[in-house]
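Reviewing the structure listed below.
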Amino acid sequence: MKGYTGDTIRNVALLGHGGCGKTTFLEAALLATGVINRLGKVEDGNTVSDYDKMEIEKGYSISLSIVPVEYNKVKINFLDTPGFFDFIGEVDSAMRAVDAAMILVDASSGIQVGTEKAWNSCKQYNMPKMFVITKTDKENVNVDQTIADLKNKFGTSVVTLDDREALNEAIAETDEELMEKYFGGEEFTDEEFSKGLLNGIAEGSIVPVLTCCSLKNEGVTEVLDAAVKYLPKASSHAPYTTVDGKEIAADPNGKPVGYVFKTIADPFLGKISLVKVISGKLTNGMELYNSRAEKSEKIASMFFMRGKSQGECPSAEAGDIVAIAKLQFAQTGDTLSDKATAAELPRVDFPSPSLYIAVEPKTKGDDEKVGTGLNKLMEEDPSFKLERNSETKQTLLGGQGEIQLGIITAKLKDKFGVEVQTVPQKIAYRETIKGSSDVQGKHKKQSGGAGQYGDVHIRFSPSQQEFEFSEELFGGSIPKNYVPAVEKGLLECMNKGPLAGCKVVNVKAVLYDGSYHDVDSNEMAFKIAASLAFKKGIVEAKPCLLEPVMHLEILIPDEYMGDVMGDMNKRRGKILGMEPQLGGGQKLIAEAPQAELFDYAIVLRSMTQARGSFTMAFERYEEVPAQLAEKIIAAHKEEEEA
């Protein structure tokens, strides 16, 4: 694959619902351009872009892959993205490297949820786009109806390239002079038509629709023609804005800048970084500066990728996409640049996890292996999170859904030989008091020789602070040097309450009296006395359980409003408000206990046909209803006795 200039490069993301034909379209494009001599099939596991062992096993794309297609002296860098919604992070990575998108639509299925999500991704990234209707050879397919549905759903910007009148109208709207000419009944010149069409597509006011049948190789070269002719050149990309507000032009003569938009863990080469050349030229042997890591990186092995195959790449200029092996510090989202003019572009904006599961090693003692493996997998897929809950002592995996989390645990076994099992998630309950108590804690131990003696009188009451301690001692009932030991003894007890062994909060303790022994009293004795007082005092001060309550913002189409609100009520939730959204739909603002939300991502997806989404954040702690608290306390006692 020879080097191309920005003028002869198109960077295009393939988007669409799972199974709409993205991977098969690429096979047809490679067949049409003579790269392969036989069409690979997803079900046979022999396609160029789905080369990962797990993708072949599952029969669908899991990671984005780059497949350059050389056509009419132009290189189209296609980024094939997964259609399953769990892998939206791969789409976000791809969108940071491309200048346009093709949204593929299965003619037999019409507009699907993935079609809508692809359109919304293009809007989010302000990306020029075109629709490609695939699988036109299927029985009972009505392509005209699919085109009409696309226009109806996405507006008048959607036009076929053979509808001259609709194109003229759309082109007229791109420029005031052309608008006047159009309404004056004048014909556009070929130059005006071509320029207006290109501008309209670049601005998003014109979205062409094409059709093709990949399996019969019909319409494939027409789609490639349209990509070359109408989609923006890599060199025409607007200047990139750095995190500190500076601009970097897509200039091949500028200082070298590369952006790592994806990391691949290759079983033979190790870490491979996919890099978009933002400015200047990257060459083998070059040393660049990694702004995040504050380290220099040497480009020792740079190449072009097509699926898993690699092609020689001595240099690449602004607009191209390359692979670099064994960069020491680079992660997805890093910027590599000349040290003298170090630049940092915004990182890839991955969605927050909506589903968490608790995992533990199947084999005792494998904790370190699990941690190492998951951290390695996170390099490849930074859209999932690994958290350790210090209160429940559980390891939590967070992602976009069951499929993504299932793939991660399967890769952990496959690549690192370690298995994990999912266990019920625990809640970080808290304990507090609603009343007051006045108690004595006395520790006395005589066993020949020096004994132990500590005696404290403490009042407990509710507090606004997590823990509040003071002393009101008089007359030397306890020497002052033992007071810190009393406070320490109480603080240590705060980690395990008497009801369900949870952290205790919002307690005030006042040490006001006690007694000591000249010989037998020491710090340890007073610590133990304080712990005895704590256990008695909390139990006598009307203790109660608290649970975490979460704040949710739920985006849904109007038609699912009733179902979603009804479901929230069943989860002991409260709807706090509704906000109509600009593009249609509603944002529901709600609160619900965390204990009721572990499966919310799965249920919301099912209720809304995957059209709903939500974000969730901790809000506060609230008292657990009595009947539920009894069950939690009983379960804790059973666990303690087991």
- Item | Set Lys73/Lys276; Lys73/Lys308; Lys75/Lys138; Lys41/Lys73; Lys281/Lys411; Lys153/Lys574 screened for pairs whose C-alpha atoms are more than 29 Å apart | Lys75/Lys138; Lys281/Lys411; Lys153/Lys574
- Rounded to a whole number, what % of the accessible area of segment 379-523 do carbon and sulfur atoms account for, probe 1.4 Å? 46 percent
- Query: Non-local amide H neighbours of Lys271 (under 5 Å, H modeled in plane, Pro and chain starts lacking H): which ones?
  - Reply: Asp266, Lys326
- Item | Peptides 25-31, 54-60 ordered by average Cβ neighbours within 10 Å, highest first | 25-31, 54-60
- Item | Solvent-accessible heavy-atom area per residue, rounded to whole Å², over segment 1-128 at 1.4 Å | 32 Å²
- Specify which residue in the list Ile556, Pro351, Gly110 is farthest towards the positive end of the charge dipole of the chain, using unit charges on the beta carbon of Lys, Arg (+1) and Asp, Glu (-1), about the Cα centre. Pro351
- Sequence neighbours fewer than 8 away in the same chain don't count; with that in mind, list the aspartates and glutamates whose C-alpha is under 15 Å from Lys362. Asp414, Glu419
- Query: For segment 211-302, which whole-number percentage of the solvent-accessible area (1.4 Å probe, protein heavy atoms only) is attributable to carbon and sulfur atoms?
  - Reply: 49 percent
- FRET efficiency for Glu57 and Asn389, Cβ-Cβ distance as r, R0 = 30 Å, nearest 0.05? 0.40
- Task: Taking amide H positions as placed in the peptide plane 1.01 Å from N, state which residues far from Ala318 in sequence (5 or more) or on other chains have amide H under 5 Å from it.
- Result: Gly280
- Query: What nm value, rounded to one decimal, do you get for the distance between Thr156 and Ser447 when each label is placed 7 Å out toward the C-beta?
  - Reply: 9.2 nm
- Task: Could you compute the FRET efficiency for Gln581 and Glu468, with r as their C-beta to C-beta distance and R0 at 56 Å, rounded to 0.05?
- Result: 0.80
- Item | HN-Hα J in Hz across segment 327-341 - Karplus 6.51, -1.76, 1.60, θ = phi - 60°, x for Gly and Pro | 5, 6, 10, 5, 10, 4, x, 7, 10, 10, 8, 5, 4, 5, 10
- Crossing angle, helix 220-230 versus the chain [Cα axis fit, 0-90 degrees, rounded to tens]: 80 degrees
- Karplus (6.51, -1.76, 1.60) ³J(HN,Hα), θ = phi - 60°, over segment 23-37, in Hz, Gly and Pro reported as x: 5, 5, 4, 5, 4, 5, 5, 5, 5, 5, 9, x, 6, 10, 10
- Message: As an exercise, use a Förster radius of 22 Å and the Cβ-Cβ distance of Glu169 and Lys138 to find the FRET efficiency, rounded to the nearest 0.05.
- Response: 0.10
- Note on the structure: Pairs over 31 Å Cα to Cα, from Lys364/Lys445; Lys117/Lys255; Lys385/Lys496; Lys2/Lys117; Lys444/Lys480; Lys129/Lys181, come to Lys364/Lys445; Lys117/Lys255; Lys2/Lys117
- Note on the structure: Rg from C-alpha atoms of segment 49-131, normalised by the globular rule of thumb 2.2 N^0.38 Å, equals 1.12
- Task: Please list Asp518, Asp7, Asp99, Asp266 in order of solvent-accessible area, largest first, computed with a 1.4 Å probe with all protein chains present.
- Result: Asp518, Asp7, Asp266, Asp99
- Between (i) -0.27; (ii) -0.23; (iii) -0.34, the structure-derived log10 I(q)/I(0) by the Debye sum over Cα atoms at q = 0.05 Å⁻¹ is (iii)
- Might you tell me the accessible area per residue for segment 466-557, computed with a 1.4 Å probe and given in Å²? 44 Å²
- Enumerate the amide H contacts of Phe614 below 5 Å, restricted to partners 5 or more residues apart or on another chain; note that Pro and chain-start residues carry no placed amide H. Leu555
- Starting at the first residue of segment 581-586, write each ³J(HN,Hα) from the Karplus equation 6.51 cos²θ - 1.76 cosθ + 1.60 with θ = phi - 60°, in whole Hz, x for Gly and Pro. 9, 4, x, x, x, 10
- Query: If Phe268, Phe350, Phe474 are ordered by their accessible area, calculated over protein heavy atoms with a 1.4 Å probe, which sequence runs from highest to lowest?
  - Reply: Phe268, Phe474, Phe350
- Note on the structure: Restricting to aspartates and glutamates and to Cα separations under 12 Å from Lys527, and discarding same-chain partners fewer than 8 apart, the set is Asp455, Glu487, Glu492
- Note on the structure: So the carbon and sulfur contribution to the accessible area of segment 146-192, 1.4 Å probe, in percent, is 42 percent
- Helix-only CD estimate at 222 nm, as mean residue ellipticity for the chain, using -39500 (n - 2.57) per DSSP H run (n ≥ 4): -8500 deg cm²/dmol
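The values are calculated or read from the model by the stated rules, or taken from the named source; none is laboratory data. Model, not experiment: these values are computed from the prediction. Ideal geometry is used to build each Cβ from the backbone, glycine not excepted, and the neighbour counts take in all protein chains shown. The accessibility values were calculated without ligands, DNA or RNA, using every heavy atom of the protein model including side chains. Shrake-Rupley method; radii C 1.70, N 1.55, O 1.52, S 1.80 Å.
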